[in-house]
1. If packing is taken as the average count of other Cβ atoms within 10 Å, what order do 219-229, 235-245 fall into, highest mean first?
2. Sorted by packing (mean other beta-carbon atoms within 10 Å per residue), highest first, where do 55-66, 156-167 land?
3. With the full set of protein chains in place, find how many percent of the accessible area of the chain is carbon and sulfur; take the probe as 1.4 Å.
4. Only one of the values (i) 0.95; (ii) 1.04; (iii) 1.10 was calculated from this structure for Rg/Rh (Cα atoms, Kirkwood Rh); name its label.
5. Find the relative contact order for segment 1-129 and round it to a whole percent, using C-alpha pairs within less than 8 Å whose residues are 6+ positions apart.
6. Once you list every other residue whose beta carbon is under 12 Å from the beta carbon of GLY52, what net charge do they have if Lys and Arg are +1 and Asp and Glu are -1?
7. Taking 7 Å along the Cα-to-C-beta vector as the label spot, tell me the ARG38-ASP202 distance in nanometres, rounded to one decimal.
8. Find the centroid of the Cα atoms in segment 15-40 and in segment 194-262, then give the distance between the two in whole Å.
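The values are calculated or read from the model by the stated rules, or taken from the named source; none is laboratory data. It should be emphasised that the depicted structure is a prediction, and the values quoted were computed from it without experimental measurement. Here the Cβ positions follow ideal geometry from the backbone for every residue, glycine too, while neighbour counts run over all protein chains shown. Just the protein is used for accessible areas: all its heavy atoms, side chains included, with ligands, DNA and RNA removed. Shrake-Rupley method; radii C 1.70, N 1.55, O 1.52, S 1.80 Å.
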Amino acid sequence: MEMSELQALLTPDGLELLDGLGPIESTAEVARAVSRLRAAGHSPDLVSAVVGQAHLRTKATAKFGAFAARMLFTRAGLEQATRLGVAVRHAQRMRRAGITSVADLGCGIGGDALAFAGAGLDVLAVDADEVTAAIAAYNLAPFGPVDGEGTGAVVRHSTAEEADLSTSGAVWMDPARRTSGHSETRRVSADDYSPSLDWAFDLAARVPTGIKLGPAHDRDALPDDAEAQWVSADGSVVELVVWTGALARSGVRRAALVMRGDKSHELTAGADAEDASTRELGAFLHEPDGAVIRARLIGDVARSLDAGMLDPRIAYLTSDAAVTSPFVQTFRVRETMAANPKAISAVLKSEGIGTLEIKKRGVDIDPAAFRKKLTLRGDRSATLILARIGDQRRAILADRVPPAA
């Protein structure tokens, strides 16, 4: 979104037009809406802004739920925004640590700032991009002043380095990990984050801070005295947060927070866990959640399940005990065979399996291409797990076990 489009949108007529447009899901619906509004005499800037926002609001429902219907977005801002459920967990940690005011440096469209303000914190939200800061101000308007003095949510168009932190008890930081822009952007290396990680970690050593990073960030580049928390939401690892000062929990250096729907479970440790020993494939196979893998806490999960590693290089666990955990997906093993399409098809046919989920780890196989080589007939379903065990590629036919409560 360009400033001219935003200015056209932020008028009573523009916002009324947006609210009356309703959800727009497909590109075909976008084209029809543009034609209809242009025929009605609306300006190109207003039509582009209104239709674009209606489309983004529909997409944003997955992250922000019902709140999306009154928010504004840029495409890049929505892609990079924290999911509201995850942001709420950030705000809860702030409150538990006794924080009453927080500076959100690099606030984007305001996802985390919304959660902070909703939790009753005073928020200084800062973004270096003028359009993005204006959108954040709109999104945070229900929580207080967006400019000037006072409590509530205040938004500033400023760089993180220039922000006045004198009234903030803590800092939340989401360094820009992509090139600037409101639509198409590309990832940049850690050396090019804005603000720089050296600046961010220096500030975090002096002020209680949470720094949101990509989950694949180099672990060796993290501060030794900080808490590193990997977060997964509905099966996807969405972030790594580095917590310092009063926001870091005593004795915790590694954490895996697993969120599924409205439930969450967390595994914490003072250091990376020692891996479990390897063992032969048992009656059950367990796939640790990605947050557990990233946090290197697989060994602790294995011991809780009385399980061992299927292979020392692959994050699959196996056991004979009929137990599972919120930190794994568990499968009951039917049989194992060579990862050969002909042999697998014969077993699938004999079992009457017509619906097959394919998972793989440690093997160079494209599941979609592999599926085309299989014969699937019948009304039963199963999971096929392709994995390297030792120096062999094996196929494990299994059934999902319901997740732990």
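1. Listed from highest to lowest mean packing, they are 235-245, 219-229.
2. 55-66, 156-167
3. Summing carbon and sulfur atoms, their accessible area is 49 percent of the total for the chain.
4. After the calculation, the listed value that fits is (ii).
5. It comes to 19 percent, rounded to a whole number.
6. In short, 0.
7. With each label placed 7 Å out from Cα toward Cβ, I get 5.1 nm.
8. Centre-to-centre distance over Cα atoms comes out at 40 Å.
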